[in-house]
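Chemist: Pasting in a structure now, in structure tokens, and then I'll have a few things to ask.
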Amino acid sequence: MKKAVDIIKEYTIFIILIALAIVFAVKNPAFLRTSNILTILRQSCIMGILGMGEMSLIVVGGLNLSMGACVAMSSVLIAILSVHMELPWPVVILLTVLLNIAVGFLTGVIINKTKIVPMIGTMALSTIISGAAYLMCGGLPISGIPDSIKVFYQGSIGFLPVPIILAAVIIIIMGIMFKYTYFGRYIFATGSNREAARLSGINADSVFIAAYTICGAMCGIAGLLMAGRVGSGNPTSGSTLDMDVLSALVIGGVSFLGGEGKVTKAVGGILLITMLTNGLTLAGVNEYVQMVITGSVFLLAVVLDSIQHNSLNLFGIHFKKKA
């Protein structure tokens, strides 16, 4: 009996995914068409890439609420470099990713050295980056993104969209890193007990900063896809990404307590959020009602996570039940 319960707990997210698919398919048979399934997968790619970066942070004991701002800034930077400066697309992508890596690294250093709560630090950073994005484009979207950039979101190789292939490669690499490399184990060890990790010889500070650097790289790649998706550099793009990604990860079993999470479940959570939005849209549900439903699902997931671990460590602020 206990084994059956453990199996159900292990695969709960995938059981929910199947149940949702059945419900939406009954409501609208078009939900299960190949074109719509590919649409769901394509729409999941930006969240999936960001989710890998955010997962590394949550597992290590950090958090980043500036991902949406970084994605928006990246799309604006890509537009400036490719439209105004007419640089080759490899240079555009390289400069964008390098800038985000630098931002991620500096964020990790600041949070690690000052010991500020990651939520507060990255919220402040989000405001700074958003302001910078508006300054870069004068507050207006920059249109005319070339096809060499658009292809990364709108293109296909055979029947598979390019963003799905790109996201799959990144997810596989991150999955291998978490499970089979020393660095992946160091991330989990640091998030589980930072002091114990330090005493065991792990440079916990470097691991923490490296996780933020990885997250920065993911923001740069996601910004590339966002620019290709909307076809412009828009300082408002990605405004809801932070909460969407957090919702997906918590639903996928990545605990805010740190030191716990699986890539497969995280991907399941990302697919669930995207599928929920897609299915509700096909069912004709109002956009604002969708926001209420998604927010409620996130709240429920956080509550269940806190109950399961008998404590709550939300956004770096620790609460624990009294004995």
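The values are calculated or read from the model by the stated rules, or taken from the named source; none is laboratory data. These figures come from a predicted structure and were not determined experimentally. Positions of Cβ are generated from backbone atoms using ideal geometry, with glycine treated the same way; all protein chains shown enter the neighbour counts. The area values use the complete protein model at the heavy-atom level, side chains included, leaving out ligands, DNA and RNA. Shrake-Rupley method; radii C 1.70, N 1.55, O 1.52, S 1.80 Å.
Chemist: Keeping all protein chains in position, work out how much accessible area Thr236 exposes to a 1.4 Å probe, and write it in Å² to the nearest 10.
Modeler: 70
Chemist: Normalised radius of gyration for the stretch 81-218, please: alpha carbon Rg relative to 2.2 N^0.38 Å, two decimal places. If you can, show how the numbers build up before the last one.
Modeler: Numbers: Rg = 18.5 Å, N = 138, 2.2 N^0.38 = 14.3 Å.
Computed over Cα atoms of the stretch 81-218, the ratio equals 1.29.
Chemist: Next up: Which whole-number percentage describes the relative contact order of the stretch 53-152, with Cα contacts under 8 Å and a sequence gap of 6 or more?
Modeler: Values: 75 pairs, mean separation 45.5, N = 100.
Once divided by the residue count of the stretch 53-152, the mean separation gives 46 percent.
Chemist: Another question about this same structure. With the other protein chains left in place, how much accessible area per residue, in square angstrom, belongs to the chain at a 1.4 angstrom probe?
Modeler: Result: 48 Å² of accessible area for each residue.
Chemist: Mind checking which of Ile170, Leu199, Val76 is farthest towards the positive end of the stretch 76-209's charge dipole, using Cβ charges of +1 (Lys, Arg) and -1 (Asp, Glu) about the Cα centre?
Modeler: Of the options given, the answer is Leu199.
Chemist: If a/c stays under 1.5 just call it rounded; otherwise compare a/b with b/c (prolate if a/b is bigger, oblate if not). Do that for the stretch 229-297, with a ≥ b ≥ c from the square roots of the Cα gyration tensor eigenvalues. Mind dumping the intermediate values first?
Modeler: On the way: a/c = 2.01, a/b = 1.36, b/c = 1.48.
Oblate, because a/c is 1.5 or more while a/b does not exceed b/c.
Chemist: Further question on the same structure: Please check: in the Gaussian network model of the chain (C-alpha springs, under 10 Å), which one of Gly104, Gly258, Gly144 has the largest mean-square fluctuation.
Modeler: Largest GNM mean-square fluctuation: Gly144.
Chemist: Something else about it: Of all alpha-carbon pairs in the stretch 217-259, indicate the percentage at a distance above 17 angstrom. Please report the intermediate quantities before stating the final value.
Modeler: Numbers: 404 of 903 pairs.
More than 17 Å apart: 45 percent of the Cα pairs in the stretch 217-259.
Chemist: For the stretch 30-161, state what percent of all Cα-Cα pairs lands in each successive 10 Å bin, counting from 0 Å until the bin that includes the largest distance.
Modeler: Calculated over all Cα pairs of the stretch 30-161, the distribution is 11, 34, 33, 19, 3, 0 percent.
Chemist: Normalise the Cα radius of gyration of the stretch 70-120 by 2.2 N^0.38 Å (N = residues in it) and let me know the number.
Modeler: Working: Rg = 14.0 Å, N = 51, 2.2 N^0.38 = 9.8 Å.
So the Cα radius of gyration is 1.43 times the expected 2.2 N^0.38 Å.
Chemist: Apply the Debye scattering formula to the chain, with a single equal point scatterer on each alpha-carbon and no solvent, then give log10 I(q)/I(0) at q = 0.11, 0.13, 0.15, 0.16 Å⁻¹.
Modeler: -0.70, -0.98, -1.29, -1.43
Chemist: Per DSSP H run of at least 4 residues, take -39500 (n - 2.57); add these up for the chain, divide by its residues and hand me the 222 nm value, nearest 500 deg cm²/dmol. The partial results should precede the final answer.
Modeler: Values: 14 runs with 236 residues, N = 323.
-24500 deg cm²/dmol, from helical runs alone.
Chemist: Assign unit charges at the C-beta atoms only (+1 for Lys and Arg, -1 for Asp and Glu), then state the dipole size of the stretch 1-119 relative to its Cα centre in Debye, rounded to the nearest 20. Kindly include the intermediate steps, with their values, before the conclusion.
Modeler: Details: 8 positive and 4 negative charges, 81 e Å.
In total the dipole reaches around 400 debye.
Chemist: Okay, next question. Residues in the stretch 37-68 near a label at Gln290, defined as backbone nitrogen under 16 Å from the 7 Å Cα→Cβ point?
Modeler: In the stretch 37-68, the label zone of Gln290 (backbone N under 16 Å from the point 7 Å along Cα→Cβ) covers 37-47.
Chemist: Could you sort Asp242, Asp147 by their accessible area in this structure, using a 1.4 Å probe and putting the largest first?
Modeler: Details: Asp242 20, Asp147 115 Å².
Sorted by accessible area, descending: Asp147, Asp242.
Chemist: Among the helices of the chain (complete DSSP H runs), which have Cα atoms covering no less than 30 Å along the helix axis and a Kyte-Doolittle mean of at least 0.5?
Modeler: Values: long enough: 34-60 (38 Å, 1.27); 89-114 (37 Å, 1.78); 204-230 (39 Å, 1.46); 287-309 (33 Å, 1.16).
Result, helices passing both filters: 34-60, 89-114, 204-230, 287-309.
Chemist: Name every cysteine in the chain that ends up alone, with no second cysteine's Cβ under 4.7 Å, or say none.
Modeler: That list is Cys45, Cys137, Cys215.
Chemist: Of all the accessible heavy-atom surface of the chain, with the other protein chains kept in place and a 1.4 Å probe, what percent is carbon and sulfur? Before the final figure, lay out the partial values.
Modeler: Values: 10770 of 15430 Å².
Answer for the chain is 70 percent, counting heavy atoms of protein chains only.
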